[in-house]
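Accompanying notes for the structure given below.
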Amino acid sequence: LQNMKMVPVPEKAYGTFFEGDCYIILHTKRTSRGSAVDLHYWIGKDSSQDEQGAAALYITQLDNALRGNPVQHREVQGHESETFQSYFRNGIIYKKGGVASGFKHVETNMYNIKRLLHVKGKKHVTATEVALSWDSFNKGDVFLLDLGKVLIQWNGPSCSIAEKSRGLALARSIRDSERGGRAQIGIIDNEKDSPDLMQIMKMVLGERRGELRDAIPDAKADELQKANVRLYHVYEKDNDLVVQEIATRPLTQDLLQHEDCYILDQGGFKIYVWRGKASSLEEKKAAFTRAVGFIQAKGYPSSTNIEVINDGAESAMFKQLFQRWTEKDETQGLGKVYTTGKIAKVEQVKFDTMQLHARPELAAEQRMVDDASGEIEVWRIEDLQMQPVNPKTYGQFYGGDCYLVLYTYLRSGRPHYVLYMWQGRHASVDEITACALNAIELDKKHGDEAVQVRVTMGKEPTHFLAIFKGKLIIYEGGTSRGQKSTPEPAIRLFQVRGTDEMNTKATEVPARASSLNSNDVFLLATSQVCYLWCGKGCSGDEREMAKMVADIVSKRDKHTILEGQEPAEFWEALGGKAPYASEKRFQEQVTHYQPRLFECSNQTGRFIMTEVVGFCQEDLDEDDVMLLDTWEEIFLWVGKTSNTYERNEAIASAKEYLKTHPAGRDLATPIILVKQGYEPLNFTGWFNAWDPYKW
């Protein structure tokens, strides 16, 4: 903003901000549902109150011109949102002064420059102009001494590789965009090895006296703080603003009434204002002022992020804070629907393996590593050791046991491994721990290349079903060991779901009439006979799969009976008739979940996650542990040089993430551990243009 007017910034200067000014950023991106528009106004730390007011006003006008579709953000220097930072991949530069004081944005080929930039951050980089003095330095960050024709990058002794490479990317972008590519870059990684560059630094900064300061840790909100979501109804009564708390987590979508405006406070880390379609114009206009008032009333720092959201045009970040978010007239992706409660009948896509390799995004959508034609080995945990399971009984899992399933498949001619740890609902804590420890040993035997998947009984992932070729049977209790401690029940009931070898699973349910469901096929095994009960809603394919399972579950004669034509003996075996679920199973439309990538840090004893918006393979650094959340599973990506503590804490971090997620997530969600260089297709498919040779 210049003299209270909007003046376009030259594209070369994108990412450079004067601390004395305010800016407006309009960002548009194409999506499957049209386009998503974000409007940000950015406040420099030395900008005037008048300019800040003008910026807020322009945002409202732009919002009206764009018919209330944009998501609006208020950004304060040094506290920008992750979305804002994602626009400037090479980093954000803060310059002293402002346009008003005669500073020009960018003049290419300007060489009479002398400034020191303090570069901070690993995933989100910012560079602030600081005093030209050794006092500005510390041991933990990167500093760029910019002398026009020469840029010297000084790396603090305790910088990570990622921080150094982000610093270099920033130096190169200054050279290319501001100096027309005509500037030399020198790097000091260890002062003793760079006497010539140190000489230049001393000429500019003088001799250094005394020790350098220690690194300053970044103050960041941890996950516990972010999980504390509260929803407030905001309205005016007799010229007074009333803010009334109406709910805490888990929040549900029906709390938002179209006639009203609401404030959602995410633990003081970020404030959202939601504006109902039918709320008054006055209310809509007052959104930012109310949010700022709310921040003051709560005693939050004035730099707190604000996002203003319109009814029907909500951002992905906002939807994530609700237990479930349903869109109107939503169309579906590749035959997969996210459903809640009862599982919808979804037509499974037939697999063509060649297609999986050509289209890794299909592998990701379908949650499939390959076509499940690889080799299987199964062990049971017995006396805390691994006991091989008889291959004749592969696919039968007992709720009192823990199992390790090693799946081996070939890709480009060499073996790849997936190691499933299946945890029975009634297994002891010792067995579950032993299962994890034996998994680590087994992984070591295979060169630490296996992808480890934690499977909770009843939440088996798609690929796990597929590798057992329709013969997956889950017994509620008991064990598959030789000496059984309890006799097997005389009457058992199994619910069979699935239409082919790739997606079938039989689960034992209580042997009572109330367990039946008209949408499925059930097997009732008694000592004399095995009934195949076919509900009205089941298909021919489902009946065929149930017949295959019936032969494993029972050696007795098979009797097929249709719902409504049951013999008396059938009800007797179930202890009498009782009401059961018979309504048609409906497909509930739930938003297609946007996958999210986070950097996990657990070093300070606080669990901190930094989201990378619009992520790509470049964002996976060798010294990171990263978490990719695709809703149906959680991937942990472990970099080659990540520290041992974070590596060992990875699974605990993922559990913590599910626990503190504002949407109240299912704690049994599969957790998948992936090592750098051994990424399976169902992981790489979430990234655009994955390069398998990058490392």
With Cα atoms, 0 to 90° folded angle of helix 161-178 axis to the chain main axis:
50 degrees
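Using a/c under 1.5 as the rounded threshold, could you call region 246-324 rounded, prolate or oblate? The axes a ≥ b ≥ c are square roots of the C-alpha gyration tensor eigenvalues, and prolate needs a/b larger than b/c, oblate otherwise. Write out the running numbers ahead of the final one.
Details: a/c = 1.77, a/b = 1.14, b/c = 1.56.
Oblate is the answer for region 246-324, as a/c is 1.5 or above yet b/c matches or exceeds a/b.
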What list of ³J(HN,Hα) values in whole Hz, one per residue of region 620-633 in order, does the Karplus curve 6.51 cos²θ - 1.76 cosθ + 1.60 (θ = phi - 60°) give from phi, with Gly and Pro shown as x?
8, 9, 4, 9, 9, 10, 10, 10, 10, 9, 10, 6, 7, 8
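Rank by packing, highest mean first: peptides 248-255, 507-514, 319-326, with packing defined as the count of other Cβ atoms within 10 Å averaged across residues.
Working: 248-255: 14.4, 507-514: 16.2, 319-326: 18.2.
Packing order, densest peptide first, comes out as 319-326, 507-514, 248-255.
How high is the relative contact order of the chain, given as a whole-number percent (alpha carbon pairs under 8 Å, six or more residues apart)? Mind showing how you got there, number by number?
Values: 1391 pairs, mean separation 71.3, N = 695.
So the answer I get is 10 percent.
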Which distance in nm do the two modelled labels at Ile440 and Glu622 give, with both placed 7 Å along the Cα-to-Cβ direction?
2.4 nm
Rounded to whole Å, give me the distance from the Cα center of region 1-77 to that of region 621-695.
34 Å
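Taking the solvent-accessible surface of protein heavy atoms with a 1.4 Å probe, what is the per residue accessible area of the chain in Å²? Each step should come with its number before you reach the end.
Details: 32670 Å² over 695 residues.
Dividing the accessible area of the chain by its residue count gives 47 Å².
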Nearest 10 degrees, 0 to 90: helix 540-553 Cα axis against the chain principal axis:
70 degrees
Residue span Ser412 to His426: 0.36 nm per residue of separation minus Cα-Cα distance leaves a gain in nm of 1.0 nm
Extension gain from Arg209 to Asp666, taking 0.36 nm per residue of separation minus the Cα-Cα distance
158.9 nm
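Using the Cα centre as the reference, give the magnitude of the dipole from point charges on the C-beta atoms of region 115-205 (Lys, Arg: +1; Asp, Glu: -1; all else neutral), rounded to the nearest 20 debye.
Details: 14 positive and 11 negative charges, 51 e Å.
With only Lys, Arg, Asp and Glu charged at Cβ, the dipole is about 240 debye.
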Of Met317, Leu151, Thr669, which is farthest towards the positive pole of the chain's charge dipole, taken about the Cα centre with +1 and -1 on the beta-carbons of Lys, Arg and Asp, Glu respectively?
Leu151
Taking a probe of 1.4 angstrom, what is the accessible area of Leu197 in Å², to the nearest 10?
40 Å²
Of all the accessible heavy-atom surface of region 115-205, with the other protein chains kept in place and a 1.4 Å probe, what percent is carbon and sulfur?
51 percent
So what is the relative contact order for region 115-205, in percent, with contacts set as C-alpha pairs under 8 Å and at least six apart?
25 percent
Efficiency of FRET between Glu488 and Thr644 - r from beta-carbon atoms, R0 51 angstrom, step 0.05:
0.65
Can you compute the modelled spin-label distance between Ser35 and Asn390, with each label point 7 Å from Cα toward Cβ, in nm?
6.6 nm
If you take every DSSP beta bridge whose two residues both sit in the chain, what share of them, in percent to the nearest 5, is antiparallel?
70 percent
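Per DSSP H run of at least 4 residues, take -39500 (n - 2.57); add these up for the chain, divide by its residues and hand me the 222 nm value, nearest 500 deg cm²/dmol. Don't skip to the end; give the middle numbers.
Working: 16 runs with 153 residues, N = 695.
So the helix-based figure for the chain works out to -6500 deg cm²/dmol.
Could you sort Ile92, Ile491 by accessible area so the largest value comes first, with the probe set to 1.4 Å?
Numbers: Ile92 0, Ile491 60 Å².
Accessible-area ranking of Ile92, Ile491, largest first: Ile491, Ile92.
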Might you report the magnitude of the Cβ-based charge dipole of the chain about its Cα centre, with Lys and Arg at +1 and Asp and Glu at -1, to the nearest 20 debye?
520 debye
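Do me a favour and compute the ellipsoid semi-axes for region 122-169 from its Cα gyration tensor, root of five times each eigenvalue, largest one first, whole Å.
Ellipsoid semi-axes (Å, largest first): 17, 13, 10.
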Under the 7 Å Cα-to-Cβ spin-label approximation, Ile651 and Ile185 lie apart by a distance in nanometres of 4.1 nm
Angle between the Cα long axis of helix 287-298 and the longest principal axis of the chain, 0 to 90 degrees, nearest 10?
90 degrees
Tell me, for the chain, which Cys residues have no other cysteine's C-beta sitting closer than 4.7 Å.
Cys22, Cys159, Cys261, Cys530, Cys534, Cys538, Cys600, Cys616
Considering the dipole of the chain built from charges on the beta carbon (Lys and Arg +1, Asp and Glu -1) around the Cα centre, which of Ser373, Val521, Gly498 is farthest to its positive end?
Ser373
Accessible-area value, Val529, 1.4 Å probe, nucleic acids and ligands omitted, Å²:
20 Å²
Relative frequency of Cα-Cα separations exceeding 34 Å in the chain, percent:
56 percent
Rounded to the nearest 10 Å², what accessible area does Met457 have for a 1.4 Å probe in the complete protein model?
10 Å²
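Which order, highest average first, do 651-659, 303-311 follow once you tally other Cβ atoms within 10 Å for each residue and take the mean per peptide?
Values: 651-659: 17.9, 303-311: 21.0.
With the highest mean Cβ count within 10 Å placed first, the list reads 303-311, 651-659.
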Charge dipole magnitude, Cβ of K and R +1, D and E -1 - region 397-449, Cα centre, debye nearest 20:
260 debye
Going by amide H atoms built from the backbone, whose H comes under 5 Å of the H on Arg411, apart from near neighbours?
His416
Explain nothing, just compute: Karplus ³J(HN,Hα) = 6.51 cos²θ - 1.76 cosθ + 1.60, θ = phi - 60°, for every residue of region 384-389 in order, whole Hz, x for Gly and Pro.
6, 10, 8, 10, x, 9
Sequence-distant or interchain residues sharing an amide H contact under 5 Å with Leu251, placed H: which?
Gln323
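The values are calculated or read from the model by the stated rules, or taken from the named source; none is laboratory data. Everything numeric in this text was worked out from a predicted model, so none of it was measured. Positions of Cβ are backbone-derived with ideal geometry, glycine not excepted, and every protein chain shown enters the neighbour counts. Keep in mind that these areas ignore ligands, DNA and RNA; they rest on the heavy atoms of the full protein, side chains included. Shrake-Rupley method; radii C 1.70, N 1.55, O 1.52, S 1.80 Å.
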